[in-house]
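S.K.: Let me give you the structure first, and then I'll get to my questions.
The values are calculated or read from the model by the stated rules, or taken from the named source; none is laboratory data. Predicted model, so just to flag it, every value in this text is computed and none were measured. Cβ coordinates were reconstructed from backbone atoms using ideal geometry, including for glycine residues, and neighbour counts include every protein chain displayed. The area values use the complete protein model at the heavy-atom level, side chains included, leaving out ligands, DNA and RNA. Shrake-Rupley method; radii C 1.70, N 1.55, O 1.52, S 1.80 Å.
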Amino acid sequence: MSSSVKRIGVLTGGGDAPGLNAVIRAVVKACATAKVECVGLEDSFDGLIYPERSRLLTVKDVTGILRIGGTILGTTNRGNPFVYPINTADGPVDYSDRVIENFNKMGLDALVVIGGDGTLSIAHEFAKRGVRLVGVPKTIDNDIAETTMTFGFDTAVDFATNALDRLHTTAESHHRIMVAEVMGRYAGWISLYAGIAGGADVVLIPEIPFRFERVVERIQAREQLGARFSIIVVAEGAHEVGGERSIVTSGTPDRAERLGGIGEHVSKELERLTGKESRFVVLGHLQRGGAPLAYDRVLATRFGSFAVELLLRGESDVMTALQSPDIVAVPLSRVVGQTRNVPVLGDVIRTARNVGICFGD
Ligand code: F6P
């Protein structure tokens, strides 16, 4: 065990996901076991830009948070220190030197950075500038390279599945099409898994551009069989063949674009094309809220504990990853800037097709 790590900072960045608190708890407890101090940094890297926004975390501070959603440290997806969103005549400010200066002033030896691709990219830049750190992959989207699972995904899928169960009963009663738009950004993991678990008839994902004709054919085939309702799951990043993604707001240097609206579009088009009544729901941030399920609590705890282990071993610029059945360390350089998409020829898509799910292709 390396004796050079005596004080570790922990932060959460990007959109929240169920299980963040479980990681924080594991980091704090693993630090306590190794007799290392742990400092909680608030709102992502803001805790290093404004040192007063940090606090010592003891085992007592994390008691009872395992089962609670959100993050006790707060988070933001607008806090990139390299392009910090403060309005000056010259545009955003570069606070990266200030972060490193404060990291040293605060007596920190290392960081655990819990976040998605954006936060992990920032972490990688700081690691290249000599900050010792380990990343922990977080997102309900499950789209981070090199790890087969991120915590939060299972809880989000479970919520979406429950929603589909509820939509089934009302769809059947009213002989309607019900469309559920789910999150996932440019990856279709949530829609695919919830679609299979919730018995959807049609699943539209970004990886397989769709045609309305194919979806209409499926709905009509169901009618002929006597099934007068259909359940459609649409990933927020899905789009037609040759079409564009549906965007709410465009991206800026410090903020990713916001997706949304495809569920409404699909619902209205299907009503027009089939003559059947259609309704849509956007599950939105409900998928990110609430308590983490057992699987996510365990994965988050394994990631948090391993992150501390790696730092004590002297490792840096790596991310904890699940490569079943093991938790391993992968270089951040292999992770950042990548998106782990659903393999369109993989067994999960084949399984879905075998049980009659239509992808609109
Ligand atoms: O990456 C997680 C995620 O929930 C995406 O699925 C979604 O597109 C995005 O974050 C929403 O971000 P915000 O909370 O900024 O609206």
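S.K.: Which percentage, to the nearest 5, of the DSSP beta bridges contained in the chain is antiparallel?
M.R.: Looking only at bridges with both residues in the chain, the antiparallel portion is about 30 percent.
S.K.: Of 30, 169, 184, which is farthest towards the positive pole of the chain's charge dipole, taken about the Cα centre with +1 and -1 on the beta-carbons of Lys, Arg and Asp, Glu respectively?
M.R.: The residue sitting most towards the positive pole is 30.
S.K.: Related question: If I take R0 = 35 Å and measure r between the Cβ atoms of residue 295 and residue 97 in this structure, what FRET efficiency does the formula 1/(1 + (r/R0)^6) give, to the nearest 0.05?
M.R.: With R0 = 35 Å, the Cβ-Cβ based efficiency is 0.30.
S.K.: Right, next: If R₀ is 35 angstrom, what is the calculated FRET efficiency for the pair residue 129 and residue 361, using the beta carbon separation as r and rounding to 0.05?
M.R.: Calculated transfer efficiency: 0.20.
S.K.: Still on this structure: Note down the relative contact order for the chain as a percent, whole number, built from C-alpha pairs under 8 angstrom at least six residues apart.
M.R.: The value is 23 percent.
S.K.: Say R0 is 25 Å: what FRET efficiency, to the nearest 0.05, do residue 250 and residue 286 get from their beta-carbon distance?
M.R.: The pair residue 250/residue 286 has a calculated efficiency of 0.50.
S.K.: For the chain, just give the cysteines left without a disulfide-compatible partner, judged by no other Cys Cβ under 4.7 Å.
M.R.: 358
S.K.: Work out, step by step, the length gained on full extension between residue 339 and residue 55: first 0.36 nm times the residue separation, then minus their alpha carbon distance; give nm to one decimal.
M.R.: 98.9 nm
S.K.: Report, to the nearest whole %, how much of the accessible area of the range 1-96 belongs to carbon and sulfur atoms, 1.4 Å probe, protein only.
M.R.: Answer for the range 1-96 is 51 percent, counting heavy atoms of protein chains only.
S.K.: Something else: Let me know the shape class of the range 164-247, please: from the alpha-carbon gyration tensor, a ≥ b ≥ c as square roots of the eigenvalues, rounded when a/c is under 1.5, otherwise prolate if a/b is greater than b/c, or oblate.
M.R.: Oblate is the answer for the range 164-247, as a/c is 1.5 or above yet b/c matches or exceeds a/b.
S.K.: Still on this structure, I have one more. Before rounding to the nearest 500, sum -39500 (n - 2.57) across all DSSP H runs of length at least 4 in the chain and divide by the residue total; then give [θ] at 222 nm in deg cm²/dmol.
M.R.: -11000 deg cm²/dmol
S.K.: Moving on. In the range 213-361, what percent of the accessible surface is made up of carbon and sulfur (1.4 Å probe, ligands and nucleic acids excluded)?
M.R.: 50 percent
S.K.: Name the residue, out of 292, 343, 325, whose mean-square fluctuation peaks in a Gaussian network model built on the chain with Cα pairs under 10 Å.
M.R.: Its mean-square fluctuation being the largest, the pick is 325.
S.K.: May I pose another question? Using a/c under 1.5 as the rounded threshold, could you call the chain rounded, prolate or oblate? The axes a ≥ b ≥ c are square roots of the C-alpha gyration tensor eigenvalues, and prolate needs a/b larger than b/c, oblate otherwise.
M.R.: The shape class here is prolate.
S.K.: Residues in the range 156-197, backbone N under 19 Å from the label point at residue 277 (7 Å along the Cα-to-beta-carbon vector): list them, ranges by number please.
M.R.: 166-180
S.K.: Sort 72-78, 248-254 by the packing proxy (mean of other Cβ within 10 Å over each peptide's residues), most packed first.
M.R.: Final packing ranking: 72-78, 248-254.
S.K.: What does the net charge come to around residue 265 if you take all other residues with beta carbon closer than 15 Å to its beta carbon, with K and R at +1 and D and E at -1?
M.R.: Every neighbour counted, the sum reads -2.
S.K.: Quick one: net charge of residue 96's neighbours, Cβ under 10 Å, K/R +1, D/E -1?
M.R.: Value of the local net charge: -2.
S.K.: Note down the nm distance, to one decimal, between modelled labels 7 Å out along Cα→Cβ at residue 354 and at residue 89.
M.R.: Modelled inter-label distance: 6.7 nm.
S.K.: Any idea of the accessible area per residue across the range 20-129, 1.4 Å probe, to the nearest Å²?
M.R.: I get 43 Å² per residue for this part.
S.K.: Given the peptides 350-356, 154-160, 333-339, arrange them by the average over their residues of other C-beta atoms within 10 Å, most packed first.
M.R.: Sorting 350-356, 154-160, 333-339 by mean packing, highest first, produces 154-160, 333-339, 350-356.
S.K.: What residue among 36, 93, 298 shows peak mean-square fluctuation when the chain is described by a Gaussian network model with Cα springs under 10 Å?
M.R.: Top of the fluctuation ranking is 93.
S.K.: Moving on. So what is the accessible area of the range 152-261 per residue, in Å², with the probe set to 1.4 Å?
M.R.: About 42 Å² of surface per residue is accessible.
S.K.: Scan around residue 37 for amide H atoms under 5 Å from its own, H built in the peptide plane at 1.01 Å from N, and keep only partners 5 or more places away or cross-chain.
M.R.: It is 7, 8, by chain and number.
S.K.: Can you tally the net charge around residue 166? Count Lys and Arg as +1, Asp and Glu as -1, for every other residue whose Cβ sits under 14 Å from the Cβ of residue 166.
M.R.: That sum, taken over residues with Cβ under 14 Å, equals -1.
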